[in-house]
């Protein structure tokens, strides 16, 4: 009877308008059976976290190509902490140099997918986190 | 109810103090387990009945989300707290969904007095209107003065969802091809207030006139003469008047007992659905889930026994027990 | 029976009995590819379909001598951090033989926010240079004579503002507007469709576009007022045929907007420029450029009744396709860029940007930018493809592909016309939906290896650490914020207020806003201040998200 759906918020933080990746991920997750809440472009970390809380999502996925990842990821983590919502997972992708990844993970980002990562990596990652 | 360990009462208290996380949790809970578990509705009932519940529907491209965004801002400026449930009834067979209505309401995310929630069908439309009704009750109980249910108007499913509302706003725009045809007859009849959006577009006046005419000529409208207003959501023009008209309509419905009649009808339907579900779970489910049920079925298929006689027997046994 | 059919039934049939072909061959635009093109596949007459370079329908090129007169402009898109640092990079590029500048702006500049706006946090100087006022433009061109360089600015929603800064900065160098040479991208429709750096709703945005057309037509005769761009739609995932169609449909919308604003087609059409991507599929890309040129000429002549030949010429800039670059084995990208540049040159481009090998990882380093530029130079000076005009013309296959692509593009344009033109098609999400659909199809093909991406889903190696990447100094943001604060402090506040008020009042009317913005620019009004006046009147655009 219980119909537990995993809900995932997909957002583009910052000012960058290249949403090809975010849209492809949204579709991939939909086709894998997830409920995707898509918030589109130019979202501030504050807006993203507020939406994630209202929508009661399990995870937030963001795409950053502009180089602003060093600010955006940690800020979202910080806001989730402030609002007692650290159980919401943060993952992301985009143009993120290898050197920057350990720092982001240390800050609490669950996973980073860089250009060329197979879509299956992302669905496998989520499946491993949310195996019922 | 092994999987159901949430303390709903605690969540409700938190939700009533404005904790959106708690509200989100409660709605997820209802979406996942249905209304009947944990007697959620029984706990909510005492706290509900205050909110004005407005359904918003219209064809794709009519600008529903943009208009909703502006309406919420107007009501917030008047001191109301507003909840929005954005329903997307179209999900593919995978069971997944992309819910994108928030995109046009992103500015609202940070306003304390606003709560927005996206909902999909999860493959069962009947369940959706029940879940939607539950979400409305939660928002009502948590002190939201106005609850908007927004959905795209294309078929029967939306009519069912709109039945959850006290009154319904139908939105159209000029230039949807054969404009008025874009409003399906069924959707026309559930409308209490009509808005022609994008009023600065050529043909807006004509759309408004044609709509008025169709409403006048519709034999099913009875005594009702719903107002038709022209707005531009994008330019935030006429939105205040539209909101005021909705509230005025609500006021009239309250005075004329129309509201009571509608809520009566709704509660009747909900209770019926609720009781059917409870009876099913408590009485029928044990019968159907029993191993003997499968054995019996196999027997019926070999025509050695009559299934209908068996079913009557079971029902009689249940009746005996109840007596 | 034709000779080709005979061959197919005898020699070919036998070979196919012995062994099947590797796969089903399709163009990236989705139609099946000829196994063997022969004279039978040439459907059209030489004079009407191809003609001669510099003459209608310009299939063979827009100039009579093409690269025998002068090579294409080698124009590397660059800019990062502050005006001071970008100025150094430009001087370096010019010293290395680059012949034109192409300014990349950071995102706050592209969306009309000053560096000290909270929304700019984390983005200052990241994807391009931060320009807050004319002051930054002066620094950017310090020591670069503005009457000698041609400058391309990738700026769209606030194109009028940045052009005003450019003109005002030139005045300070003593260079008058009529001497200025370059391009503003100024293509707002593709921002709604694919790139996302819009500010205002479509109607006022189209007004700003045509305001710029009209101002330049009277004051900067050498300025290319717009670069109608397919590049970003292609990067967002559309096919080659869609790239032609969506770009030209946007072009049609701009021409109509200018005509509606009362301009004469031959007064502005000659200043319209185009911008395409160049991908790996060498022959399809060459055919794409040729088909686009021929189709635009036809549209300008038959639909808009242009009289001047120049009005019918599709002159274009090309950039190699960023989305084809892989983060894995980045050196392979040098080869991809070489193939793509070759396509652009054999397709008759007027200018070219070659991507750097490390762009899938970060902003390019100086070394990788140099390799990218050298790639163009090798093609220009060593390969010989620039020595004759339109070298692939007459190839049975390339000509049939050119015809096919034009046909597909015309079908799309007819659909967009039915929707009421490109502005409507974007508002309704038609173009976005087509792009997203193609992008998802491609990604799925990569996922199941129907589409091989060398080094990424096949021929992979253990990850090797990449060399040095370009880093933005964190002090950049502070420096830029300090600078804009100082600019605001040291100016005539009274005049500033007066001119900003005048701009707002003019925005309420139908006036051309360019002169008002120029007045503001000269007084060191910031970009954010100018855009905020316009936001107050025009409102802000909220996207139609199409998934």
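Quick note: the coordinates plus some simple rules give every number you see, no bench work behind them. The structure presented is a predicted model; accordingly, all values stated were derived computationally and were not measured. Here the Cβ positions follow ideal geometry from the backbone for every residue, glycine too, while neighbour counts run over all protein chains shown.
Kindly rank C:491-499, C:418-426 from highest to lowest mean number of other beta carbons found within 10 Å of each residue. Intermediate values should be presented prior to the final figure.
On the way: C:491-499: 14.3, C:418-426: 19.9.
Answer by packing, highest mean first, reads C:418-426, C:491-499.
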Size of the range C:267-322 along its principal axes in angstrom, Cα-based, largest extent first?
36, 18, 13
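On alpha-carbon atoms, Rg over Rh for the range C:266-385 using Kirkwood Rh? Show your work: numbers first, answer last.
Numbers: Rg = 16.3 Å, Rh = 15.3 Å.
With Rg and the Kirkwood Rh in hand, the quotient comes to 1.06.
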Could you state the angle between the C-alpha long axis of helix C:430-447 and the longest principal axis of the C-alpha atoms of chain C, as a value from 0 to 90 degrees rounded to the nearest 10?
60
Ignoring solvent entirely, what values of log10 I(q)/I(0) come out of the Debye formula for the range B:47-256 at 0.08, 0.14, 0.16, 0.18 Å⁻¹ when each Cα is a single scatterer?
-0.25, -0.80, -1.07, -1.37
How far is helix C:240-260 tilted, in degrees, relative to the longest principal axis of the Cα atoms in chain C, given as a value from 0 to 90 rounded to the nearest 10?
40
Pair residue B:312, residue A:117: separation of 7 Å Cα→Cβ label points (nm):
6.5
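Based only on Cα atoms, what mean projected area does the convex hull of the range C:77-120 have, in nm²?
3.2
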The value for the protein assembly as shown (convex hull of the alpha-carbon atoms, volume per residue, Å³) is 224
Looking only at B:128, B:259, B:272, which one moves most when chain B is put into a Gaussian network model with springs between Cα atoms under 10 Å?
B:272
May I ask you to derive the FRET efficiency for residue A:46 and residue B:277 from their Cβ-Cβ distance with R0 = 35 Å, giving the value to the nearest 0.05?
0.30
If each of residue C:52 and residue B:266 carries a label point 7 Å out from its Cα toward its Cβ, how far apart are those two points in nm?
7.9
In whole Å, how far is the Cα centre of the range C:1-52 from that of the range B:196-246?
59
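In the range B:271-322, what is the volume of the convex hull around the alpha carbon atoms, normalised per residue and reported in Å³?
Working: hull volume 4.5 nm³, N = 52.
For the range B:271-322, the hull spanned by Cα atoms encloses 87 Å³ per residue.
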For the range B:169-323, what does the convex hull of the Cα positions come to per residue, in cubic angstrom?
224
Computed label-point distance, nm, for sites residue C:381 and residue C:176 using a 7 Å Cα→Cβ extension
3.8
The Cα extents of the range C:160-221 along the principal axes, largest first and rounded to whole Å, are 39, 19, 16
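Calculate the translational D of the range A:47-132 in whole µm² s⁻¹ from Stokes-Einstein, where the hydrodynamic radius comes from the Kirkwood formula applied to all Cα pairs, the temperature is 20 °C and the viscosity 1.002 mPa s.
Value of D from the Cα-based Kirkwood radius: 161 µm²/s.
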Semi-axes of the equivalent ellipsoid for the range C:322-408, please: Cα gyration tensor eigenvalues, times 5, square-rooted, ordered largest first, whole Å.
27, 16, 10
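Compute the normalised compactness of the range C:218-324: alpha-carbon radius of gyration over 2.2 N^0.38 Å, N being the residue count.
Details: Rg = 14.0 Å, N = 107, 2.2 N^0.38 = 13.0 Å.
Cα Rg divided by the expected 2.2 N^0.38 Å: 1.07.
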In whole angstrom, how far apart do the alpha carbon centroids of the range B:302-323 and the range A:1-38 sit?
49
At 222 nm, what value in deg cm²/dmol follows for chain C if DSSP H runs of at least 4 each add -39500 (n - 2.57) and the sum is divided by all its residues, to the nearest 500?
-14000 deg cm²/dmol
Just checking the output field for C:300-311: average partner chain Cβ neighbours within 10 Å of each residue's Cβ?
0
Find, to one decimal place in angstroms, the Kirkwood hydrodynamic radius of the range C:59-192, where the mean of 1/r is taken over every pair of different Cα atoms and then inverted.
15.6
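Give me the Kirkwood hydrodynamic radius of chain C in Å, from all C-alpha pairs, to one decimal place? Walk me through the numbers before you get to the answer.
Working: mean 1/r = 0.0411 Å⁻¹.
Kirkwood radius, chain C: 24.3 Å.
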Semi-axes, largest first, in whole Å: what does sqrt of 5 times each Cα gyration tensor eigenvalue give for the range C:143-447?
28, 25, 20
Please work out the Cα center distance from the range C:239-289 to the range C:342-360, rounded to the nearest Å.
18
Angle between chain C longest axis and helix C:396-419 axis [Cα atoms, degrees, rounded to 10]:
50
Extension gain (nm, one decimal) between residue B:10 and residue B:284, 0.36 nm per residue minus Cα-Cα:
95.5 nm
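If I take R0 = 51 Å and measure r between the Cβ atoms of residue C:535 and residue C:302 in this structure, what FRET efficiency does the formula 1/(1 + (r/R0)^6) give, to the nearest 0.05?
Details: r = 40 Å, r/R0 = 0.78.
Efficiency, rounded to the nearest 0.05: 0.80.
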With the Cα gyration tensor of the range A:1-96 in hand, convert its eigenvalues to equivalent ellipsoid semi-axes via √(5λ) and list them largest first in whole Å.
21, 17, 10
Any idea what Rg and Dmax come out to for the range C:478-538 if you just take the C-alpha atoms, in Å?
12.0, 39
What number, in nm² with one decimal, is the all-direction average of the projected area of the convex hull of the alpha-carbon atoms of the range C:450-513?
11.3
